[in-house]
Ligand code: FE
């Protein structure tokens, strides 16, 4: 009798511990390299009691780790910062398609994965960033660079700065161009970019902005939030940089500026799936969406969220036209794009 009691007691304790572990823990693999995100993680924990364990790495590192870990992976939520990577992970079967009416209502269809066979969605875009053109105000004017196509004009010979063609941000831009122009014209355009380079691609987007300010580059390509960060910086050196450059949201009179997404998914072998869905739903909530906008200078992906960010307002004059092609198609083009880059010698 005593044994039975003890035995049952032990069983109950173990069950309770398992439930507690599932209820109170969430393991996130994140490629979001933005310190301002910390507030979102702590707000989620405060509101739900769910403790977050986070592994930070870049997109490629996260995908490699998930593949190596297989079914033993502790990851519940995956956060990536680019459509091409989200698509790659989806195709490689690293995500668990989920059904969430909250996420489906909040996130527009063109900013998430296509519905899977079971009706679930493999990933959701959670914020957007525009790939914009910056230019030296002393050398050029806005109309010189009001489209991506113009970056291949011969007048920019020796003037263009851009990070590596194989970086996901560029793979996605070029994947979008392939959707808009078709592959043949896109390859000619890419060759034009290579011919116009001021230097071999190096550094990140901020380095390209600084290159324009220093006079080494006449025009450059960057994600919008890097520029907004410098505009809002209290560092005089950053202010000095932004005063020298102009910014253009390209293709306003045609298909609109290319926007990429940062997004989230539930990991294929997640153990805490309920918490994972809860966390993604939280990221799509107005509070978290506002944080993406005010903390990291991104645009909310969720519909109807109002936000107040002076740098984003100053850059766009209030709003801008963004392209409307499905972001999943952009990811799908990346293999084709990489082959074109190799052919035209875009490092
Ligand atoms: Fe980035």
**OP:** Go through the range 195-218 and give me each residue that's surrounded by 15 or more Cβ atoms within 10 Å (Cβ to Cβ), away from the ligand (no atom under 16 Å from the Cβ) and assigned to a helix (DSSP H, G or I).
**Re:** 195, 196, 211, 212, 213
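Quick grid of which residues meet (1) modelled with pLDDT under 85; (2) closer than 22 Å to residue 275 by Cβ:
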{"site": "1", "(1), (2)": "yes, no"}
{"site": "8", "(1), (2)": "yes, no"}
{"site": "25", "(1), (2)": "no, yes"}
{"site": "29", "(1), (2)": "no, yes"}
{"site": "40", "(1), (2)": "no, yes"}
{"site": "43", "(1), (2)": "no, yes"}
{"site": "51", "(1), (2)": "no, yes"}
{"site": "57", "(1), (2)": "no, yes"}
{"site": "60", "(1), (2)": "no, no"}
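Here are some residues: 215, 304, 256. Which one is free of Cβ contacts under 8 Å to residues at least 12 places away in the same chain and at positive phi?
Values: 215 fails: free of Cβ contacts under 8 Å to residues at least 12 places away in the same chain; 256 fails: free of Cβ contacts under 8 Å to residues at least 12 places away in the same chain.
When all the criteria are applied, what remains is 304.
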Original post:
For the subset of the range 122-131 comprising residues that are surrounded by 24 or more Cβ atoms within 10 Å (Cβ to Cβ) and not in a loop (DSSP other than H, G, I, E, B), which member is farthest from the ligand (Cβ to nearest atom)?
Top reply: 124
Original post:
Before we move on, is residue 265 over 29 Å from residue 149 (Cα atoms), outside any helix (DSSP H, G or I) and touching a residue at least 60 places away in the same chain (Cβ under 8 Å)?
Top reply: yes
**OP:** For the range 273-292, enumerate the residues that are part of a helix (DSSP H, G or I), buried (at least 20 other Cβ atoms within 10 Å of the Cβ) and touching a strand residue (DSSP E or B) at 6+ places or on another chain (Cβ under 7 Å).
**Re:** 275, 276, 277, 279, 280, 283, 289, 292
**OP:** With the condition kept exactly as written, say whether any residue in the range 167-182 is away from the ligand (no atom under 16 Å from the Cβ), over 19 Å from residue 316 (Cβ atoms) and outside any helix (DSSP H, G or I).
**Re:** yes
Original post:
Could you list, in sequence order, the residues of the range 28-47 that are in a helix (DSSP H, G or I) and within 16 Å of the ligand (Cβ to nearest atom)?
Top reply: 35, 36, 37
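With respect to residue 142, determine if the residue is in contact (Cβ under 8 Å) with a residue 60 or more places away in the chain, touching a strand residue (DSSP E or B) at 6+ places or on another chain (Cβ under 6 Å), within 22 Å of residue 313 (Cα to Cα) and surrounded by fewer than 18 Cβ atoms within 10 Å (Cβ to Cβ). Walk me through how you get there before you give the answer.
Working: in contact (Cβ under 8 Å) with a residue 60 or more places away in the chain: yes; touching a strand residue (DSSP E or B) at 6+ places or on another chain (Cβ under 6 Å): yes; within 22 Å of residue 313 (Cα to Cα): yes; surrounded by fewer than 18 Cβ atoms within 10 Å (Cβ to Cβ): yes.
So residue 142 fits the description; yes.
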Original post:
When the range 327-340 is examined, which residues are found to be under 20 Å from the mean Cα position of the chain (by Cα) and either more than 24 Å from residue 285 (Cβ to Cβ) or not assigned by TED's automatic domain parsing to the domain that holds residue 190 (or both)?
Top reply: 329, 330, 331, 332, 333, 334, 335, 337, 338
Subject >> Whichever residue in the range 153-166 is surrounded by 23 or more Cβ atoms within 10 Å (Cβ to Cβ) and not in a strand (DSSP E or B) and, among such residues, is nearest to the ligand (Cβ to nearest atom) >> reply: 162
Original post:
Under the condition of being in contact with a helix residue (DSSP H, G or I) (Cβ under 7 Å, 6 or more places away or on another chain) and within 16 Å of the ligand (Cβ to nearest atom), which residue from the range 234-260 is nearest to residue 129 (Cα to Cα)?
Top reply: 260
Subject >> Residue in the range 61-83 that is under 22 Å from residue 128 (Cβ atoms), within 16 Å of the ligand (Cβ to nearest atom) and free of Cβ contacts under 8 Å to residues at least 60 places away in the same chain present >> reply: yes
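Kindly provide the set of residues from the range 233-250 that are assigned to a loop (DSSP other than H, G, I, E, B) and surrounded by fewer than 21 Cβ atoms within 10 Å (Cβ to Cβ), ordered by number. Full working, then the answer.
Here is the first cut: in the range 233-250, the ones assigned to a loop (DSSP other than H, G, I, E, B) are 233-235, 249-250.
Passing the criteria: 233, 234, 235.
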Original post:
If we keep just the residues of the range 59-72 that are surrounded by 14 or more Cβ atoms within 10 Å (Cβ to Cβ) and out of contact with any helix residue (DSSP H, G or I) (no Cβ under 9 Å at 6 or more places or on another chain), which is farthest from residue 169 (Cα to Cα)?
Top reply: 69
Subject >> Elements of type helices (runs of 4 or more DSSP H) in the range 301-347, at least 1 residues being in contact with a strand residue (DSSP E or B) (Cβ under 6 Å, 6 or more places away or on another chain) and surrounded by 17 or more Cβ atoms within 10 Å (Cβ to Cβ) >> reply: 310-316, 327-332
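The values are calculated or read from the model by the stated rules, or taken from the named source; none is laboratory data. Only a predicted model underlies this, so the values are computations on that prediction, with no experimental measurement involved. Heads up, the Cβs are rebuilt from the backbone with ideal geometry, glycines too, and the neighbour counts pull from every protein chain shown.
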